[in-house]
Amino acid sequence: ALTGLTSALLLPDRLSVAISQAYRHRARVGVVHVDVDDFSALNARMGRSLGDRVLRAVARRLSHCVRQGDTAARLEADAFVLVLPGLHHGEDATRIGEKVLRALRKPFPLVDGAVALTASVGIAVFPEDGEDAPALLASAEQSSLRAHEAGGDRLESSAPTLVEDGYDA
């Protein structure tokens, strides 16, 4: 309710539907896991009320990074997932992940200044990185964890290289 995004409870269903459609149409589904770097420290420093405002602003920016028909969801406190159905190439999800990084690096204006954020972004693509919703979500989260462990403010992807026919499953 805080962000106006799809809830964590609805996310697996949305992803499963996207996978079913992708399987039928020989397409790919991208999953972008976004973890805001060091948000708990920022929230402690600014207070929960301002932290909530920043999370709402993050949600708006994420929503502007995706196409109509894509799903933007909040998993938990500072973790978000984007579901990108109907992709032709795995690299398309990586491009969205890069767009997310650029969007979140722009300062968030506050009454008495601005706050800068970075994120650890992980990418997974159906069918290469998982054939069901739990596997894809886990793969994207693992990629995000690798980005965080490498210092954050980066993207890690297990997305495949371009395949001639756009589908190799």
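The values are calculated or read from the model by the stated rules, or taken from the named source; none is laboratory data. Small disclaimer: the values here were computed from a predicted structure and weren't measured. Positions of Cβ are backbone-derived with ideal geometry, glycine not excepted, and every protein chain shown enters the neighbour counts. Ligands, DNA and RNA are stripped out before the accessible areas are found, and what is left, the full protein with its side chains, is counted by its heavy atoms. Shrake-Rupley method; radii C 1.70, N 1.55, O 1.52, S 1.80 Å.
What tally of residues in region 1-11 results from selecting those that are at pLDDT 90 or above, surrounded by 12 or more Cβ atoms within 10 Å (Cβ to Cβ) and over 14 Å from the mean Cα position of the chain (by Cα)?
1
Residues that are touching a helix residue (DSSP H, G or I) at 6+ places or on another chain (Cβ under 6 Å), open to solvent by 40 Å² or more (accessible area, probe 1.4 Å) and over 20 Å from Val17 (Cα atoms): which strands (runs of 3 or more DSSP E) entirely in region 105-164 hold 1 or more of them?
154-157
How many residues are surrounded by 14 or more Cβ atoms within 10 Å (Cβ to Cβ), closer than 16 Å to Ile96 by Cβ and among the polar types (S, T, N, Q) when one looks only at region 32-73?
2
With respect to Val83, is the statement that it is open to solvent by less than 10 Å² (accessible area, probe 1.4 Å) and either in a strand (DSSP E or B) or in contact (Cβ under 8 Å) with a residue 12 or more places away in the chain (or both) true?
Yes, satisfied.
Residue-by-condition table, conditions (1) of a type outside the set (Asp, Glu); (2) farther than 14 Å from Ser144 by Cα:
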{"residue": "Ala27", "(1), (2)": "yes, yes"}
{"residue": "His33", "(1), (2)": "yes, no"}
{"residue": "Val36", "(1), (2)": "yes, no"}
{"residue": "Asp92", "(1), (2)": "no, yes"}
{"residue": "Arg105", "(1), (2)": "yes, yes"}
{"residue": "Leu117", "(1), (2)": "yes, yes"}
{"residue": "Ser120", "(1), (2)": "yes, no"}
